[in-house]
1. Yes or no: Arg251 part of a helix (DSSP H, G or I), of a type outside the set (Ser, Thr, Tyr) and either at pLDDT below 80 or within 25 Å of Tyr360 (Cα to Cα) (or both)?
2. Answer yes or no as to whether Asp172 is buried (at least 20 other Cβ atoms within 10 Å of the Cβ), closer than 18 Å to Ala79 by Cβ and of a type in the set (Asp, Glu).
3. Is there any pair linking a residue in region 387-407 that is surrounded by fewer than 10 Cβ atoms within 10 Å (Cβ to Cβ) to one that is modelled with pLDDT of 75 or more, with Cβ under 8 Å and at least six apart or on different chains, and which?
4. Looking only at region 84-120, filter to residues that are among the aliphatic types (A, V, I, L, M) and within 17 Å of Lys151 (Cβ to Cβ); which one of those is modelled with the lowest pLDDT?
5. Could we say that Arg280 is under 23 Å from Gly397 (Cα atoms), at pLDDT 90 or above, surrounded by 14 or more Cβ atoms within 10 Å (Cβ to Cβ) and not β-branched (Val, Ile, Thr) here?
6. Taking the residues in region 145-176 that are in contact with a Lys or Arg (Cβ under 8 Å, 6 or more places away or on another chain) and in a loop (DSSP other than H, G, I, E, B) as candidates, determine which candidate is farthest from Gly58 (Cα to Cα).
Amino acid sequence: MPPIVRFENVSKRYRLGLTRTSIPAAVARWLRGRTRSAPPETRYHWALRDVSFELEPGQSLALIGPNGAGKTTTLKLLANITRPTSGRIGIHGNLSALIELGAGFHPDLTGRENIFLNGTILGLSRREIEQKFDEIVAFSELEHFIDTPVKRYSSGMTVRLGFSVASCIEPDILLVDEVLAVGDANFRQKCIQRIKELLAKGTTVIFVSHNLWLVRAVCPLSLYLHQGQVRFFGDTDQAIALYDRAIHEARAAKHQRTNGPEHPGHEGDPLVEITGIELRDRAGRLTSEVTNEESLSIHVHYMSRQAFPDANVVIRILRSDGLTCCMLRSRADGVRIPLVQGSGTIALTISPVQLYGGMYYVQAIIRDRDDVGGITSATSDWFYVTGGALSHQEMNGVFEPHHEWHVDVAQRDPDILEAG
């Protein structure tokens, strides 16, 4: 039996700029072409390049990646809204799509009329639509508005009706884009449950969302796209981990471009110079990656032109967007740090790291005895923390503290048991 969905080396390109087909526009374009010609790469954009995957009946696939990665283009190709520039697409079964808000609805028709219109477009007979009608309306929770023109619906109401039609006809293949983000939390949970029911019945679901929690809940399989190309196809947790790391790397690069390199606290020849910051694992090896359950040692190497009997060393750990995750001060911890004349090393061990997965860097600052002025400062290279939740989503916070759960179990009450 062939796969229900097959993408074979599919590529799609779009012409950039406006494309006019009038005779004056064609003549003007021909004249411009005789005088100058833009390089081919500036006239076209490749939305997809050589993308391949297959799905069996009942499988659910998430398409993940940044904006412009080619996710919606993939859905539009599957829905036959647009055609590939090259490659082959195989679809075996009836397909229902919820790709764009209000797509397939006529704004001047009522919700009732649009259900029949949409169902007919999807290949159902009038009798089949009538059999499903009450279920569609009940799922959408729009009983009081079903005879109101759709142009008066809110975006959330439009999504409710669209998803209800798309899912209640029980297609062989269901395409769902980011439009679910418009709905409220209760309806979103209802949609997730509906998708799971369809999967149990053998429907193949292809799902696009930037909500990675939603992706995890619905799809064990993911296709990670970047700039129209496949970065990874397989287990959703692995795909999300790769995508999360790429988000952090891009954010780190942006932060570095925006803020520029760190500079010492004093101009000219500083009395103390931080010559390097090393990150080491629990075995003492240089590292640029640790798990959130491991220890991390920060080694600050310095060169001093004179002795400082009582310096204050500050260590900041910053996330890739510049957020300070923690700041540790030797003076606040009651630790006296004398700096010798010449070279030396100050080490701080954090055990365990406890940071959520993501990309970070260390800033070390050496301050004077009164903790008023900075003598010098420097930053480390980036390091990556694996494990734990994803930290690029602000709702997750910054760190995962050690914790324990305790549950008090109620004692058996004979009186309650007898009453039951």
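1. On the way: part of a helix (DSSP H, G or I): yes; of a type outside the set (Ser, Thr, Tyr): yes; either at pLDDT below 80 or within 25 Å of Tyr360 (Cα to Cα) (or both): yes.
Against the criterion (part of a helix (DSSP H, G or I), of a type outside the set (Ser, Thr, Tyr) and either at pLDDT below 80 or within 25 Å of Tyr360 (Cα to Cα) (or both)), Arg251 qualifies.
2. Working: buried (at least 20 other Cβ atoms within 10 Å of the Cβ): no; closer than 18 Å to Ala79 by Cβ: yes; of a type in the set (Asp, Glu): yes.
No, not satisfied.
3. From region 387-407, the pairs are Pro401/Gln354; His402/Pro352; His402/Gln354.
4. Taking region 84-120 first, the residues among the aliphatic types (A, V, I, L, M) are 89, 91, 95, 97-99, 101, 103, 109, 115, 117.
Checking which are within 17 Å of Lys151 (Cβ to Cβ) leaves us with 101, 103, 109, 115, 117.
Details: Leu101: 61, Ala103: 67, Leu109: 94, Ile115: 92, Leu117: 89.
Among them, the one singled out is Leu101.
5. On the way: under 23 Å from Gly397 (Cα atoms): no; at pLDDT 90 or above: yes; surrounded by 14 or more Cβ atoms within 10 Å (Cβ to Cβ): yes; not β-branched (Val, Ile, Thr): yes.
The answer is no for Arg280.
6. Restricting to residues being in contact with a Lys or Arg (Cβ under 8 Å, 6 or more places away or on another chain) and in a loop (DSSP other than H, G, I, E, B), the top hit is Asp147.
Yes/no matrix, rows are residues, columns are (1) modelled with pLDDT of 80 or more; (2) under 22 Å from Leu63 (Cβ atoms); (3) in contact with a Pro (Cβ under 7 Å, 6 or more places away or on another chain):
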site: Val179; (1), (2), (3): no, yes, no
site: Leu225; (1), (2), (3): yes, yes, no
site: Phe233; (1), (2), (3): yes, yes, no
site: Thr236; (1), (2), (3): yes, yes, yes
site: Ala239; (1), (2), (3): yes, yes, no
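Condition check ((1) part of a loop (DSSP other than H, G, I, E, B); (2) modelled with pLDDT of 80 or more) across all residues:
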{"residue": "Asp371", "(1), (2)": "yes, no"}
{"residue": "Ala378", "(1), (2)": "no, yes"}
{"residue": "Val409", "(1), (2)": "yes, no"}
{"residue": "Leu417", "(1), (2)": "no, no"}
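The values are calculated or read from the model by the stated rules, or taken from the named source; none is laboratory data. Keep in mind the model is a prediction, meaning the values are calculated, not measured. Positions of Cβ are backbone-derived with ideal geometry, glycine not excepted, and every protein chain shown enters the neighbour counts.
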